[in-house]
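So the structure is just underneath, and the comments pick up after that.
The values are calculated or read from the model by the stated rules, or taken from the named source; none is laboratory data. Since we're looking at a predicted model, the values are computed, not measured. Because the Cβ atoms are built from the backbone with ideal geometry, glycine has one as well, and the counts that use them run over all protein chains shown.
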């Protein structure tokens, strides 16, 4: 544990809570308290403790307001709201114990890195909108939505609303005296600035300003004084966001502009409505299965282009020496063939080899092209955010290097025709090096131009063109049986889809969700076993309905046997439906979590339910074996 910055308040508070909490350091200070990072001793977990300073706690009206804040916030339980663990008073200290969110605030992120990409702003805005929708449904208005009160969880990037420090119950009266303005002027709605009665639409106005700042790095209203800022909120329309942040999704621009309407009635009525309006701006990229992601990994593809250069040089040198000694008049032609074959053939063969593995498990060119297009759109957003819309110096340099490499390599390749045979071992490697680095440099510079212009991925064009089709044909030679994805059982398809989606989550989020893959595999295995059980029962049922192998079963015994088998089959079918439903619920939970509308708690509950379904399936399979034995005895005694 790091040595904390010690002051008298830290020491006296630590002494008061010793044995229950161990303070580590101060996280921050605000108008209504000091926040410490601490360890809760009994549960051995990090927590954030918000302490009302003793001099403020001595004032009854502030102390009461602080306690109302704590009780109000403690009622809220939502994945995008920082949870409250406890509200306590020890030795004259009044404090709130809340979950510690490892990460920084949106304000810190903007200060350190500047404006955010549109897709990040859309996600954050949507997550905060869901949190506010929940709080408003509980009758709570936050009243101070701003970047400093939005935490971004490290690893997952999840936005969590913090500090309901001046929140109040909307249906309650008397919490705030008439004419008292609470909040931060830059993010204050017109009705809040005039101390009018508020509802949730005031928070949505503030959220619109947060999004405006996150996208552009500037506020819609600025002035030298708080009064000047408030006057602009009351009288001036904000500049349309599309005029300041060009190229953002239309749904995001329209949502922000609507949040910033002066009249509450012109804004979104609820946080849910805002989140729904933002949905078109959420990335709707197809799920990319793990095998395709591995195949298209840019690092692996780059190695296929770069490593052969190092491997080809000694090979080309050796081949050129042999050609020079024995090639005679065909030496130049053979040199060109050797250089070309190694420069092109090696990457072609390696890509075909890796594609063959992908084709064998049931994927094809359409899957690759769709994944490449989705990847290109994501990389384009990241590229424009990092480098902007104008060419960079690095891009210009790489363009020159690429062009130089092509010229030098091409000249050296042509030179193999005209130089003396004795010079081939020296000229051929120059051709290989020049062509490789020239082509790679040109490829990267062209890729950056395509990213800037949005003209599509070169790889997607290659795979959708004759070259890609030819590689696929070569990779398919004597391939044998291939998995047919459409023919996979439903439980397998759902489990594979859910597991592929789970693998795309950040590691921290995957760790917080627990053994999701293990439960998915277990449900799938149980479903397969139950499905096999149903098939066996169908066979037995058909046999029983025919009267058995010897057709010697009496009518009464036959009816009883059919009834027992039908009942067993019904139980098995019900269990199969439950298992597949449990799989589907987990997949939907993951989808909702990725879209910003789900919760870790929801997945935890469904995981617990899934384990119970697995136990029920085990019991059914065990009882099924007993039933089979009984039925076998019955059939034997009937013959």
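Evaluation of residue 31 against the conditions (1) at pLDDT below 85; (2) more than 23 Å from residue 107 (Cβ to Cβ) shows that the sole unmet condition is (2).
Taking the criterion of being crowded, with 18+ Cβ neighbours inside 10 Å and either over 26 Å from residue 137 (Cα atoms) or in the same structural domain as residue 206 (by TED's automatic domain parsing) (or both), would at least one residue in region 65-79 satisfy it? Steps first, please.
Here is the first cut: in region 65-79, the ones crowded, with 18+ Cβ neighbours inside 10 Å are 65-66, 69-70, 72-73, 76, 78-79.
Imposing the further condition that a residue be either over 26 Å from residue 137 (Cα atoms) or in the same structural domain as residue 206 (by TED's automatic domain parsing) (or both) reduces the set to none.
Checked against the condition, which is being crowded, with 18+ Cβ neighbours inside 10 Å and either over 26 Å from residue 137 (Cα atoms) or in the same structural domain as residue 206 (by TED's automatic domain parsing) (or both), region 65-79 yields no hits at all.
Pairing each residue of region 9-20 that is more than 10 Å from residue 93 (Cα to Cα) with any residue that is assigned to a helix (DSSP H, G or I) and at pLDDT 85 or above, provided the two are 6+ apart or on different chains, yields no C-beta distance under 7 Å.
Is it the case that region 129-137 has a residue that's modelled with pLDDT under 90 and either farther than 19 Å from residue 275 by Cβ or surrounded by fewer than 19 Cβ atoms within 10 Å (Cβ to Cβ) (or both)?
Let us first name the residues in region 129-137 that are modelled with pLDDT under 90, namely none.
Among the residues of region 129-137, not one is modelled with pLDDT under 90 and either farther than 19 Å from residue 275 by Cβ or surrounded by fewer than 19 Cβ atoms within 10 Å (Cβ to Cβ) (or both), which makes the answer no.
Quick one: in region 239-254, which of the residues that are touching a helix residue (DSSP H, G or I) at 6+ places or on another chain (Cβ under 7 Å) and part of a loop (DSSP other than H, G, I, E, B) is surrounded by the fewest Cβ atoms within 10 Å (Cβ to Cβ)? Going through the qualifying residues, I end up with 240.
Considering 56, 43, 37, the condition of being outside any loop (DSSP other than H, G, I, E, B) and at pLDDT below 90 is satisfied by 56 alone. The requirement of being surrounded by 16 or more Cβ atoms within 10 Å (Cβ to Cβ), touching a helix residue (DSSP H, G or I) at 6+ places or on another chain (Cβ under 7 Å), part of a strand (DSSP E or B) and modelled with pLDDT of 85 or more is fulfilled somewhere in region 3-23, by at least one residue.
Each row is one residue, and each column tells you yes or no for (1) at pLDDT 75 or above; (2) surrounded by fewer than 18 Cβ atoms within 10 Å (Cβ to Cβ); (3) assigned by TED's automatic domain parsing to the domain that holds residue 520.
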site: 555; (1), (2), (3): no, yes, yes
site: 576; (1), (2), (3): yes, no, yes
site: 587; (1), (2), (3): yes, no, yes
site: 591; (1), (2), (3): yes, yes, yes
site: 596; (1), (2), (3): no, no, yes
site: 604; (1), (2), (3): yes, yes, yes
site: 623; (1), (2), (3): no, yes, yes
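For region 477-491, what are the residues that are on the phi < 0 side of the Ramachandran plot, modelled with pLDDT of 70 or more and out of contact with any helix residue (DSSP H, G or I) (no Cβ under 6 Å at 6 or more places or on another chain)? The one that is on the phi < 0 side of the Ramachandran plot, modelled with pLDDT of 70 or more and out of contact with any helix residue (DSSP H, G or I) (no Cβ under 6 Å at 6 or more places or on another chain): 477. Regarding residue 195, is this residue assigned to a helix (DSSP H, G or I) and farther than 17 Å from residue 115 by Cα? Answer is no for this residue.
For the condition under 14 Å from residue 212 (Cα atoms), in contact with a helix residue (DSSP H, G or I) (Cβ under 7 Å, 6 or more places away or on another chain) and modelled with pLDDT of 90 or more, what is the one hit in 107, 118? Spell out how you get there, then give the answer.
Values: 118 fails: modelled with pLDDT of 90 or more.
After applying the criteria, what remains is 107.
Across region 255-280, the qualifying residues are those that are in contact with a helix residue (DSSP H, G or I) (Cβ under 6 Å, 6 or more places away or on another chain) and not in a helix (DSSP H, G or I), and the one among them that is farthest from residue 241 (Cα to Cα) is 270. The condition (being surrounded by 19 or more Cβ atoms within 10 Å (Cβ to Cβ), touching a helix residue (DSSP H, G or I) at 6+ places or on another chain (Cβ under 8 Å), under 19 Å from residue 69 (Cα atoms) and modelled with pLDDT under 90) is satisfied by just one residue among 163, 203: 163. Taken together, the residues in region 200-226 that are in a helix (DSSP H, G or I) and without any contact (Cβ under 8 Å) to a residue 24 or more places away in the chain amount to 0.
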